[in-house]
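Contents: one structure, followed by commentary.
Any read-out appearing in this document is the output of simple, stated calculations on the displayed coordinates, not a laboratory observation. Model, not experiment: these values are computed from the prediction. Here the Cβ positions follow ideal geometry from the backbone for every residue, glycine too, while neighbour counts run over all protein chains shown.
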Amino acid sequence: MSSRINLDALSQFEWLIMNHVWNLEKVSAREVMEALPGEAQRAYTTIQTYMERLVEKGYLTKEKIGMVNFYTSSVPREEVVDGATSSFIDRVFQGSGSSLAAYLLKNRKLDPDDLKKIKDLLQEGADHD
């Protein structure tokens, strides 16, 4: 078990916001609104509401500069991805990473580049033993 902090799960739209924050490090709600792809567009006030919820959940911190709130991530992306992935594996594959890997291989969800990366990772692990 990792030492990750316990955060409420992110919705799909919150993931979009967080990915933007992680990429730019410090953003306003307007910058997030302007960066969202067409199908994910929302009103400015909706973006603000989501970002405030992310502050309440512990994912973002807020700093007011002049009349504008700027948000930064309070949790590294890798830690959030680790927590979400672990939770998914626990719920769907009863905690078995090998069952997830078998599913991905069986259902051809991995392209040749993915397979090469996995083989390289496995080889690196074997070299360290």
Report summary line: Restricting to lysines and to Cα separations under 27 Å from Lys62, and discarding same-chain partners fewer than 8 apart, the set is Lys26
Query - Overall dimensions of segment 12-73 as given by Cα atoms, namely Rg and Dmax in Å - result: 10.4, 31
Report task. Starting from the Cα-Cα distance between Val55 and Tyr103, subtract it from 0.36 nm times their residue separation and give me the gain in nm to one decimal. Result -> 13.7 nm
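Quick check for me: using +1 on Lys/Arg Cβ and -1 on Asp/Glu Cβ, what's the dipole size of the chain about its Cα centre, in debye to the nearest 20? Could you put the intermediate results ahead of the total?
Working: 16 positive and 20 negative charges, 76 e Å.
Using Cβ point charges on Lys, Arg, Asp and Glu, the chain gives about 360 debye.
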Requested in this report: Report the net charge of residues surrounding Lys62, where surrounding means a beta-carbon distance below 11 angstrom and charges are Lys +1, Arg +1, Asp -1, Glu -1.
Outcome: -1
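Between Glu63 and Gln12, what FRET efficiency follows from the Cβ-Cβ distance if R0 is 35 Å, with the result rounded to 0.05? The partial results should precede the final answer.
Numbers: r = 26 Å, r/R0 = 0.76.
Computed FRET efficiency for Glu63 and Gln12 comes out at 0.85.
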**Report entry** Simple spin-label estimate for Arg42 and Asp82 in nanometres, 7 Å along Cα-Cβ
**Finding:** 2.8 nm
